[in-house]
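See structure below.
Any read-out appearing in this document is the output of simple, stated calculations on the displayed coordinates, not a laboratory observation. Since we're looking at a predicted model, the values are computed, not measured. Because the Cβ atoms are built from the backbone with ideal geometry, glycine has one as well, and the counts that use them run over all protein chains shown.
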Amino acid sequence: MLGRSESSSWELDGVENNTRSSIPKVLILSHNPLSKNQSNGKTIYSMLKYIPKENLAQVYLTTDIPDFELCNNYFQIDDFDILRKLIYRKEFGRIIKSKDISEQIHFKEKVRNSLILNIIRHTKGPLFNIFRDSLWMIIGYREKLLRQFIMDFNPDILFFQSSGNVFSFRIAQWIIRVFKLGLIMETTDDYLGKKLTINPLFWILNNRLNAEYKMISKRASMIIVISEEMKREYSKKFHSNYYVAMNSVKIENKLINNKEERCDSLRILFSGNIELNRWRTILLLSKTIEKIDFIKIELNIYTLSNINRYVKSKFAGMKKTRFHKAVDAEQLIDIRNNSDILLHVESFDFRSRYITKFSISTKISEYLASGKAILAIGPADVESIRYLKREKVAEVVTHPNKKDIENAIKRLMSAEYRIELGQKGIVLAHKNHDIERVACDIANAINDATSIHYEY
């Protein structure tokens, strides 16, 4: 079938020890499409920046709009397709072209307003996830359109961003087996972690996920994880080749202005995902600053997350907190530069802590590289909070306590302290989050993987 047995390497600025001219073609399988704004999409692109966009293709599993500046070739499958196939017996999935973008926006709005899809989107729990995975397995994913899309692209390797869905692992297994491809896998969250529950359905789902992960990890030449802690835990469990790539950004040689900043007001910025109950921690901060009268404070929230009526109701009446529509990356940089404090939060509830305990948010690297002071609020056993505290690059609050938050804000009123944190952040960004180093390492890993002939 497809796949190349010959050694393949390429010559790109920053990629070491590559002298040949054949650039590998990388097929991406992930939940979210490539993006400049959405966290998972940004992460994938940052790792594959050395691959020209004509050598990238992506199969993604949501109704989101892809970014055609980053890639030309997209194939979309989503829950809506599965339902249509079940009801109407129609072939599912579609090739997404840039000229179809208006149609895609219309389709997304149609799905967003669909009662059934809204039920799917907001239904949680192991029973639903088992049902959803079963539907994907029953309906199937080996459609002619998808098969033809992959054959036409003729990839050398699969880059798979794993998720908490069994069906995505099954799709990845099918692709690498049928098309005889090498595999590089990325794991961003601990979907496999155990939890204190006696619900047998959770354990059925957990065992399925672990079995699928174990099976596919044996075929991966490299598995990218988000933190050293995740590497330690997963290496013990799955014995694969793990590589730590904390979210990376382009780092400017930025000088921090050491002159006195204003001290009469503070502008706090949160940008990112408020799901996994992160909004509850933001709400705690919002309630705290609402009572503060010793300095003028405003909290601005920019998020792509869906803000439902319940969440909106919790923030009703908060005069110092403002929600804003999502903006593009360039606009966000300007907003960030005009803020005094950048906010990172994680949820204190047990379930969310389990999912995020090894994770480091994509915005952490962006925050550090900005040279701005960071306020982090979350449990001490979540890796992103632990990381910022250990490196002493943020004002960190590890208990859901309004008094602790208020004291943190008092310390951040000092311009000198904010400048000190910003300087430490830039140093750490250079050390751990340089996009050039990470992209170079991944490019060389892709090169090594494509030099192997795979038999399944």
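Okay, which of the range 334-352 sit inside 18 Å, backbone N to the point 7 Å along the Cα-Cβ direction of residue 417? Zone members listed by number: 340-344. Taking 17 Å as the cut-off, the amide N atoms of the range 28-60 that come nearer than this to a point 7 Å along the Cα-to-beta-carbon line of residue 304 belong to 28-49, 58-60. Projecting label points 7 angstrom from Cα along Cα→Cβ for residue 350 and residue 98 puts them 5.1 nm apart. Residue ranges 159-172, 215-228 sort as 159-172, 215-228 when ordered by packing (mean number of other C-beta atoms within 10 Å per residue, highest first). For the range 292-376, applying the loop criterion from DSSP together with a ceiling of 13 other beta carbons within 10 Å to the chymotrypsin sites (Phe, Trp or Tyr not before Pro) yields 294.
Taking 0.36 nm per residue of separation and subtracting the current Cα-Cα distance, fully stretching the chain between residue 312 and residue 430 would add 38.7 nm. Inter-label distance, residue 265 to residue 287: 2.7 nm, where each label sits 7 Å from its Cα along the C-beta direction.
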